[in-house]
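Below is one structure, written out as structure tokens; the observations come after it.
The values are calculated or read from the model by the stated rules, or taken from the named source; none is laboratory data. Source: prediction; values computed, not measured. With ideal geometry, Cβ positions are generated from the backbone for all residues, glycine too; neighbour counts draw on all protein chains shown.
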């Protein structure tokens, strides 16, 4: 029996069959988009049309909300107690240091950064990395960042 586990409320589900991931379902306010782990993509107008395509499926709500860190800088998560928080208006970056006297500046939130080998994900990268390489962000959640990473990798592959 297939199960669609909600990851983003009313927007994104991971589909499993007997505990194995078999695909994803996303909703874009118009269609449900079925992405099979084998690479096929189908559009459906409703949950009932998904059921007719996939057979028996259960929908489970998210067991917990998106994980939040206890530290934030300008509403973006950080991985430690931030010091010297600031906002770079020109580049639209929430910035902080990891100690009172530190000269290393970090960017709060999730990012994707393009290195020579391709796009990679990053949480609270150093400002100098964002300045040296092409990047996208900040994102408030890991899921938002992963969606952008998938999109960027798909564009690179084409």
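Here residue 149 fulfils each of the conditions (1) in a loop (DSSP other than H, G, I, E, B); (2) at pLDDT below 95 apart from (1).
In the set (1) out of contact with any strand residue (DSSP E or B) (no Cβ under 7 Å at 6 or more places or on another chain); (2) farther than 25 Å from residue 110 by Cα; (3) surrounded by 14 or more Cβ atoms within 10 Å (Cβ to Cβ), residue 52 fails one condition alone, (3). Scanning the stretch 129-146 for residues that are surrounded by fewer than 18 Cβ atoms within 10 Å (Cβ to Cβ), in contact (Cβ under 8 Å) with a residue 12 or more places away in the chain and outside any loop (DSSP other than H, G, I, E, B) turns up 129, 134, 136, 142, 143, 144, 146.
Results for (1) more than 21 Å from the chain's Cα centre (by Cα); (2) on the phi > 0 side of the Ramachandran plot, shown as yes or no for each residue.
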{"residue": "7", "(1), (2)": "no, no"}
{"residue": "11", "(1), (2)": "no, no"}
{"residue": "15", "(1), (2)": "no, no"}
{"residue": "18", "(1), (2)": "yes, yes"}
{"residue": "24", "(1), (2)": "no, no"}
{"residue": "29", "(1), (2)": "no, yes"}
{"residue": "35", "(1), (2)": "no, no"}
{"residue": "39", "(1), (2)": "no, yes"}
{"residue": "44", "(1), (2)": "yes, no"}
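Screening 96, 115 for residues that are closer than 15 Å to residue 133 by Cβ and over 18 Å from the mean Cα position of the chain (by Cα) leaves exactly one candidate, 115. Candidates in the stretch 107-119 are the residues that are touching a strand residue (DSSP E or B) at 6+ places or on another chain (Cβ under 6 Å) and assigned to a strand (DSSP E or B); of these, the one that is surrounded by the fewest Cβ atoms within 10 Å (Cβ to Cβ) is 114. For residue 123, indicate whether it is in contact with a helix residue (DSSP H, G or I) (Cβ under 6 Å, 6 or more places away or on another chain) and either modelled with pLDDT of 95 or more or on the phi > 0 side of the Ramachandran plot (or both). Spelling it out, it is not the case that residue 123 is in contact with a helix residue (DSSP H, G or I) (Cβ under 6 Å, 6 or more places away or on another chain) and either modelled with pLDDT of 95 or more or on the phi > 0 side of the Ramachandran plot (or both).
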